[in-house]
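Engineer: Handing you a structure now.
The values are calculated or read from the model by the stated rules, or taken from the named source; none is laboratory data. In this text, all values refer to a predicted model and were calculated from it rather than measured experimentally. Virtual Cβ from ideal backbone geometry, glycine too; neighbours counted across all protein chains shown.
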Amino acid sequence: MKKTKDENTEEQILDAAKNVFQTKGMDGARMQEIADKAGINKAMLHYYYRSKQLLFEAVFKNAFSLLAPQLNAVLNDDSSIEDKVKNFTSNYISFIIKHPYLPTFIIQELNRNPDFILGMKNNKGFPNLEKFKKQVAYEVEKGIIKPIGAEQLFINILALNVFPFIAKPLIMALINVDNEAYKQLIEARKIEVANFIINSIKNT
């Protein structure tokens, strides 16, 4: 009989691979370790994913597919730029608190294999900035916000929200806080970051 792939087994593999890749990176990960963590043998793992690269790409796509809708939802709704900043910051931080491995995992792969993310640009659901660009230009023209390029504003929003997650150990050491205090600090950033950006661009 022809084998059929089981969704539960595939989910176990992706979860196990996510944990191993997150801890050891692509180069340090071993297929045997992933198989052991998934509770299957190595032959079964290779039946589902012929190579470590294919498995890594599947884990990466799965991770990015969780994050991309969060970006798109804010970028393409009809709210004002001020509300977009507030919603993006609140939604993103809440989302990453639930999926703390994502920023480091995605940035790790961007640095290791930049061509892979470029190849995903044409995929359905990849974040699109066109509406955001037009909206920023409109609000600048109307004097609602100060002159700023949409790309620069988006980078500012992204950087201020992403950095505290990818640099968590460094920041905790520099400001001398424990894990619980850091969680409270991150929660407070939902308001702090939004206010900081809005105050920097809003015409008074």
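Engineer: How many residues does the range 26-43 contain that are touching a residue at least 24 places away in the same chain (Cβ under 8 Å) and surrounded by 15 or more Cβ atoms within 10 Å (Cβ to Cβ)?
Structural biologist: Result for the range 26-43: 5.
Engineer: How many residues are free of Cβ contacts under 8 Å to residues at least 24 places away in the same chain and farther than 19 Å from Ser80 by Cα when one looks only at the range 184-204?
Structural biologist: Matching residues across the range 184-204 total 3.
Engineer: Taking interchain pairs and intrachain pairs at least six residues apart, which have beta carbon atoms under 8 angstrom, with the first residue in the range 47-69 and without any contact (Cβ under 8 Å) to a residue 60 or more places away in the chain and the second outside any helix (DSSP H, G or I) and crowded, with 18+ Cβ neighbours inside 10 Å?
Structural biologist: Listed pairs, sorted by first residue: Lys52/Ala29; Leu55/Tyr49; Phe56/Ala29; Ala58/Tyr49; Ala68/Pro127.
Engineer: Report whether or not Ala29 is in contact with a helix residue (DSSP H, G or I) (Cβ under 9 Å, 6 or more places away or on another chain), under 22 Å from Phe105 (Cβ atoms) and at pLDDT 85 or above.
Structural biologist: yes
Engineer: Answer yes or no: is there a residue in the range 168-182 that is buried (at least 16 other Cβ atoms within 10 Å of the Cβ) and closer than 28 Å to Asp78 by Cβ.
Structural biologist: No, because not a single residue in the range 168-182 is buried (at least 16 other Cβ atoms within 10 Å of the Cβ) and closer than 28 Å to Asp78 by Cβ.
Engineer: Suppose the filter is β-branched (Val, Ile, Thr), within 20 Å of Phe126 (Cβ to Cβ) and touching a helix residue (DSSP H, G or I) at 6+ places or on another chain (Cβ under 7 Å); does Val20 pass it?
Structural biologist: It is false that Val20 is β-branched (Val, Ile, Thr), within 20 Å of Phe126 (Cβ to Cβ) and touching a helix residue (DSSP H, G or I) at 6+ places or on another chain (Cβ under 7 Å).
Engineer: Give me a count of the residues in the range 125-159 that are polar (S, T, N, Q) and within 12 Å of Val85 (Cβ to Cβ).
Structural biologist: Of the residues in the range 125-159, 2 are polar (S, T, N, Q) and within 12 Å of Val85 (Cβ to Cβ).
Engineer: Okay, next question. Spot the failing condition for Ser94; the list is (1) buried (at least 20 other Cβ atoms within 10 Å of the Cβ); (2) closer than 30 Å to Tyr138 by Cβ, and only one is missed.
Structural biologist: Tallying (1) buried (at least 20 other Cβ atoms within 10 Å of the Cβ); (2) closer than 30 Å to Tyr138 by Cβ, Ser94 fails exactly one: (1).
Engineer: Identify the single condition in (1) in contact (Cβ under 8 Å) with a residue 60 or more places away in the chain; (2) assigned to a loop (DSSP other than H, G, I, E, B) that Val177 does not satisfy, given that it satisfies every other one.
Structural biologist: Of everything listed in (1) in contact (Cβ under 8 Å) with a residue 60 or more places away in the chain; (2) assigned to a loop (DSSP other than H, G, I, E, B), Val177 misses just condition (1).
Engineer: Quick one: is Phe132 over 28 Å from Asn203 (Cα atoms) and surrounded by 13 or more Cβ atoms within 10 Å (Cβ to Cβ)?
Structural biologist: no
Engineer: Anything in the range 156-180 that is modelled with pLDDT of 95 or more and either in contact with a Ser or Thr (Cβ under 6 Å, 6 or more places away or on another chain) or among the β-branched types (Val, Ile, Thr) (or both)? List them, or say none.
Structural biologist: Hits for the range 156-180 are Ile171, Ile175, Val177.
Yes or no, residue by residue, for (1) touching a residue at least 60 places away in the same chain (Cβ under 8 Å); (2) loosely packed, with under 11 Cβ neighbours inside 10 Å; (3) at positive phi; (4) touching a Lys or Arg at 6+ places or on another chain (Cβ under 8 Å):
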{"site": "Arg112", "(1), (2), (3), (4)": "yes, no, no, no"}
{"site": "Met120", "(1), (2), (3), (4)": "no, no, no, yes"}
{"site": "Asn128", "(1), (2), (3), (4)": "no, no, no, no"}
{"site": "Glu139", "(1), (2), (3), (4)": "no, no, no, no"}
{"site": "Gly143", "(1), (2), (3), (4)": "yes, yes, yes, no"}
{"site": "Lys146", "(1), (2), (3), (4)": "no, no, no, yes"}
{"site": "Ala150", "(1), (2), (3), (4)": "no, no, no, yes"}
{"site": "Asn156", "(1), (2), (3), (4)": "no, no, no, no"}
